[in-house]
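**Q** Just passing along the structure, written as C-alpha cells.
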Amino acid sequence: MIILGAGLAGSEAALQLADRGIAVRLVEMRPCVPTPVHATDGCAELVCSNSLKSMKPDSAAGMLKRELDVLGSRLYALAQRTAVPAGGALAVDRTAFSCAVTEAVQSHPLIELERREARSLSEEARGAAALVVATGPLTSDALADDLARLTGEGHLAFYDAAAPIVMADSLDASKLFRQSRYEDAAGGDYLNAPFEKAEYDAFIDELVGAERVIMRDFESKDLFQACQPIEEIARKGHDAPRFGTLKPVGLTDPRTGRRPWAALQLRAEDASGQSYNLVGLQTNLTFPEQRRVFRMIPGLEQAEFARYGVMHRNTFLDAPRLLDADLRLARAAAAGISCPVHVAGQLAGTEGYCEAIRSGLHAALAVVAELSGTPAVPLPRATAFGALMAYASDPATADYQPMHVNFGIMEPLAQPVRNKRDRYAAYARRGAAALDAYADALAAVGLLPSHGEGEPSEAAR
C-alpha cells in the first residue's frame, strides 16, 4: 500500500501497518521538493514548537497521550525516549526525535521510503491496496490542486506561525529566573523573562509597529487562533499579550519577590539545554525586525537566534464535508479511485502533534480492518480522539477550522459537575473506561496488540 508524506501521521501509519505485516511504500517529497520551513529531509521533523503539550491525566492532551500509550503508538514511544524537561508537558529534542523516527522507518523491512513528489492521487492509487494521504499543511501545489479537483470543494488555506529559537549561552542569566508556573520559585523547567511595566509598554509599541513579511492586516479567517502571531495579538489590544502568551500568573520574580507585570517563558529545545524556544512568540516579522524587537525582552538583549520565526501556508480539507469518522475520503470512489483512500494528520483538518500521530494510527487501523475484512470497531466519542473525530466528521459543523483535542467538544457528563477540576477529572475517568473497552474490542478482532508478536503476514502492496 501507499502512504504519502513522512511526517508525524504518515510515519506513524507506516510503522503501524508494517508492524502488522503490510508492506508500505512511504513517499516523501523532501529533499527533492523543499518547503519554506523544513530544515532536513528527516521523517517527522517538527517545525513549530517542540512541545507535545500536557501530560496531566485530567487534561484533554493527557487523555490523548494515554490513548497513544494504550494503543501502542510507535512515535509516542520515541517521543518519550527523546524527551527534554518541560514541566508538566512532554517536549522533545526535535533533532533526536526526527532521527529516531527516520531510523525506525528506514530499518523496517516492510517499509520502502521513496523520495519524490506525489502529484496525483489517481496515479498513486493505481494498483495499490489502499492509500493514506498525510502530506501535511505544506502539501505541494500540484497535489493540493489535484485534491481540489477530486473533492470538488477546493482546499482551504490559512497561515501558521512558528516561534523563534535562541541560543542559551547568549541569554543574560542575571535577568532571567527558572520556574514553572505555580511551582516552587527555586526550580522549574522554564526560563522566565520578567517585564516591568515600562519595559512591556515599550516592547508592545515596537512590536505593533515593526515591519512584517506579509504587509497587510490579517483577517481572522486567515489565522488559526492557537498560532496567531504575537504582533497580531498585540494589535488587538495593548494588554492582550499580557493576558495570554506573556501572562505572569503563577510566577514570582526572585529579584523582587512579586509577580512581574508580564513574562515570557522560554522552553528548552534540546536535551542539553543549548537552545530555547520563545514560547508563544509565533511571528510574521522580518528577520531583522525580530532581532531588533525581541532583543528588547529583558535578558534577551544579546540573543543569538538559532532560528527566526516564520509563517507558512497551512492546507487542510473541509473534513466535515469530505471525511468520515475513519478519515476515509468518500469522494475518491466517485473520482474513479478503486482503492480505499484515507487522509491523516493536519491535512485531515485536525491540529496538534499528538493529534497527527493519533490520526496516523487511526487510519492505519482502519486500513488493516479493510484489507483483512475485519469488522470495524467504532471509536468511542468519550475518548479524546473520538470526540475530535466526531466533531471533525459532523456535516453540521459550519465554517470548519482545525481543532486540537479539548473538553469543549466532548459530550456532556451524564451528571453535571460544576467544579471545573472535578469535571475534567470525570471526563478523564469516563474516557479511560471507554478507551479500555475500545482496546479490548480491537484485541478481540486481532487489530491490537501487534508489536513483537508472531511472524509478519503475507505483505500486501
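**Q** Sort through S73, S51 and tell me the only one that's among the polar types (S, T, N, Q) and either open to solvent by 60 Å² or more (accessible area, probe 1.4 Å) or in contact with an Asp or Glu (Cβ under 9 Å, 6 or more places away or on another chain) (or both). Walk me through it before giving the result.
**A** Numbers: S51 fails: either open to solvent by 60 Å² or more (accessible area, probe 1.4 Å) or in contact with an Asp or Glu (Cβ under 9 Å, 6 or more places away or on another chain) (or both).
S73 is the lone residue from the list that is among the polar types (S, T, N, Q) and either open to solvent by 60 Å² or more (accessible area, probe 1.4 Å) or in contact with an Asp or Glu (Cβ under 9 Å, 6 or more places away or on another chain) (or both).
**Q** Also, quick follow-up: Identify the residue in region 232-251 that is outside any loop (DSSP other than H, G, I, E, B) and buried (at least 16 other Cβ atoms within 10 Å of the Cβ) and, among all such residues, is modelled with the lowest pLDDT. Spell out how you get there, then give the answer.
**A** Within region 232-251, the subset outside any loop (DSSP other than H, G, I, E, B) is 232-235, 241-243.
Subset that is buried (at least 16 other Cβ atoms within 10 Å of the Cβ): 232-235, 241-242.
Working: E232: 90, I233: 93, A234: 96, R235: 94, P241: 97, R242: 97.
Result: E232.
**Q** Please work out which residue is surrounded by the most Cβ atoms within 10 Å (Cβ to Cβ), limiting yourself to region 90-105 and to residues that are more than 12 Å from E269 (Cα to Cα) and touching a residue at least 40 places away in the same chain (Cβ under 8 Å).
**A** Here the residue is V101.
Per-residue answers, yes or no, for (1) out of contact with any Gly (no Cβ under 7 Å at 6 or more places or on another chain); (2) in a helix (DSSP H, G or I):
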{"site": "L361", "(1), (2)": "yes, yes"}
{"site": "A369", "(1), (2)": "yes, yes"}
{"site": "T374", "(1), (2)": "no, no"}
{"site": "P378", "(1), (2)": "yes, no"}
{"site": "P395", "(1), (2)": "yes, no"}
{"site": "Q401", "(1), (2)": "yes, no"}
{"site": "A414", "(1), (2)": "yes, no"}
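**Q** Let me ask you something else. Is there a residue in region 72-79 that is among the basic types (K, R), outside any loop (DSSP other than H, G, I, E, B) and either in contact (Cβ under 8 Å) with a residue 60 or more places away in the chain or closer than 30 Å to M410 by Cβ (or both)?
**A** Yes, the conditions are met somewhere in region 72-79.
**Q** Moving on. From the list A443, A437, exactly one residue is more than 25 Å from the chain's Cα centre (by Cα), at pLDDT 95 or above and farther than 20 Å from A325 by Cβ. Which is it?
**A** Within the list A443, A437, the selection yields A443.
**Q** Another question, then. Which condition does T40 not pass, out of (1) in contact (Cβ under 8 Å) with a residue 60 or more places away in the chain; (2) open to solvent by 10 Å² or more (accessible area, probe 1.4 Å); (3) among the β-branched types (V, I, T), if it passes all the others?
**A** (1)
**Q** Is it the case, given these coordinates, that S122 is free of Cβ contacts under 8 Å to residues at least 60 places away in the same chain and either part of a helix (DSSP H, G or I) or of a type in the set (D, E) (or both)?
**A** It is false that S122 is free of Cβ contacts under 8 Å to residues at least 60 places away in the same chain and either part of a helix (DSSP H, G or I) or of a type in the set (D, E) (or both).
**Q** Suppose we filter region 325-348 for residues that are open to solvent by 10 Å² or more (accessible area, probe 1.4 Å), touching a residue at least 40 places away in the same chain (Cβ under 8 Å) and within 21 Å of the chain's Cα centre (by Cα); how many remain?
**A** Of the residues in that region, 3 qualify.
**Q** Follow-up question, since we're still on this one. Residues of region 412-453 being hydroxyl-bearing (S, T, Y), over 30 Å from R20 (Cα atoms) and open to solvent by less than 50 Å² (accessible area, probe 1.4 Å), which ones?
**A** If the condition is that a residue be hydroxyl-bearing (S, T, Y), over 30 Å from R20 (Cα atoms) and open to solvent by less than 50 Å² (accessible area, probe 1.4 Å), then Y427 is the only one that fits.
**Q** To continue, here is another question. Could you tell me whether region 164-187 includes any residue that is loosely packed, with under 15 Cβ neighbours inside 10 Å, part of a loop (DSSP other than H, G, I, E, B), at pLDDT below 95 and under 25 Å from the mean Cα position of the chain (by Cα)?
**A** Looking for residues that are loosely packed, with under 15 Cβ neighbours inside 10 Å, part of a loop (DSSP other than H, G, I, E, B), at pLDDT below 95 and under 25 Å from the mean Cα position of the chain (by Cα), one finds none in region 164-187, hence no.
**Q** Can you give me the number of residues within region 1-22 that are open to solvent by 10 Å² or more (accessible area, probe 1.4 Å), part of a loop (DSSP other than H, G, I, E, B) and under 13 Å from A44 (Cα atoms)?
**A** 1
The values are calculated or read from the model by the stated rules, or taken from the named source; none is laboratory data. Because the structure is predicted, anything quoted here is derived from the model rather than measured. Don't worry about glycine lacking a Cβ; one is built from the backbone with ideal geometry, like all the others, and counts go over all protein chains shown. Just so you know, the surface numbers come from the protein's heavy atoms only, side chains and all, with ligands and any DNA or RNA stripped out. Shrake-Rupley method; radii C 1.70, N 1.55, O 1.52, S 1.80 Å.
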